[in-house]
Amino acid sequence: MENINKIAIIGPGVMAEAIISGLTRNQIIPASAIIAAGPEASRGKELVDLYGIGFTTENSQAVDQAEIIILSVKPQKLTGVLNGLRGKLHPDALVISIIAGASIDTIRKGLMHDVIVRAMPNTPAQIGQGISVWTYSTDVTDEQKLLAQEILRALGQEIMLEEESYLDMATALSGSGPAYVFLFMEALIDAGVHLGFPRRIAEQLVLQTLRGSVEYYAEKKDHPAELRNEVTSPGGTSAAALYYLEKAGFRTAISRAIWAAYERSQELGKGKSGQTPDKPSEF
């Protein structure tokens, strides 16, 4: 990023810190070229002390003369942030939004700005093991696409898709995906403790089982069903456990949960707030 002198990050939360960490750790851009903006000076001090970046509580000050602006605020705060930044961006500045549910059209109209990339990373980005799905508006240049790609690769893997409709799907599957995995981990650990294992040992068993299974799948490249069959002997322990999971509606619960996340992402894109419904709609 030799020609980039300033990157502004609006909303210094967890994902913003992951971006800052990735950019500085991989020496993609000097810390002095990064400025974050948010309402809490104490949070700013943490980031300044940890990464050596700049910080301000004024969004308009952060975006002044910035070639790249990364929006990472909560969806519920988006309208106010866009209103405050309208007319303050350089016409050629690249805006990268990682806000769940916020469409390119929403960002465009809110900022009155046309050069926009919409991306959805996930929390393993904090250790450089995330995956981001992204797309772009027609006004984004080839050079700016490469800049967006370089930023997102600092977080892990990235997938560029032409159709924006895939972003809400990615939000439900990979963006929220770590939460599903952690819930499954928690349930396995609790089950191990219930069996009689000390929690420390149950955690170690579950962690390495999941890690090893994922690595094995990535290396073998077989269908998950084939790998599952490898460890499922007729009338055995795995078969007994899987029978109960299927009987309890395990697959259906996962499918409906992801569909609920997809619908919620679409609702956020339309500016709807409120609690998660007790029962997602049928599909």
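The values are calculated or read from the model by the stated rules, or taken from the named source; none is laboratory data. Because the structure is a prediction, the values reported are computed rather than measured. Every residue, glycine among them, receives a Cβ derived from its backbone with ideal geometry; neighbour counts consider all protein chains shown.
Worth a mention:
- Residue that is within 16 Å of residue 149 (Cα to Cα) and surrounded by 21 or more Cβ atoms within 10 Å (Cβ to Cβ), where the choices are 63, 73, 95: 95
- Inter-residue pairs, beta-carbon under 8 Å, first surrounded by 14 or more Cβ atoms within 10 Å (Cβ to Cβ) and in segment 132-145, second among the charged types (D, E, K, R) and assigned to a helix (DSSP H, G or I), 6+ apart: 136/145; 137/108
- Each residue in segment 152-185 was checked for being more than 24 Å from residue 17 (Cβ to Cβ) and part of a helix (DSSP H, G or I), and 5 pass.
- Any hit, segment 93-107, residues being at pLDDT 95 or above and either more than 19 Å from residue 136 (Cβ to Cβ) or more than 22 Å from the chain's Cα centre (by Cα) (or both): yes
- Here segment 1-19 is the region considered, the condition is being part of a loop (DSSP other than H, G, I, E, B), more than 19 Å from the chain's Cα centre (by Cα) and at pLDDT 90 or above, and the residue that is surrounded by the fewest Cβ atoms within 10 Å (Cβ to Cβ) is 5.
- Within segment 175-190, residues that are without any contact (Cβ under 8 Å) to a residue 40 or more places away in the chain sit with their Cβ atoms under 6 Å from residues that are in a helix (DSSP H, G or I) and surrounded by 13 or more Cβ atoms within 10 Å (Cβ to Cβ), at 6+ positions apart or across chains, in these pairs: 185/206; 188/206; 189/202; 189/203; 189/206.
- Residue in segment 116-129 that is out of contact with any strand residue (DSSP E or B) (no Cβ under 9 Å at 6 or more places or on another chain), at pLDDT below 95 and among the polar types (S, T, N, Q) present: yes
- Index of the failed condition, residue 258 passing every other in (1) at pLDDT below 95; (2) under 30 Å from residue 81 (Cα atoms); (3) of a type outside the set (Phe, Trp, Tyr): (1)
- Any hit, segment 131-147, residues being more than 23 Å from residue 268 (Cβ to Cβ) and within 13 Å of the chain's Cα centre (by Cα): no
- Only a single criterion out of (1) crowded, with 19+ Cβ neighbours inside 10 Å; (2) part of a helix (DSSP H, G or I); (3) in the same structural domain as residue 23 (by TED's automatic domain parsing) is not satisfied by residue 124, namely (1).
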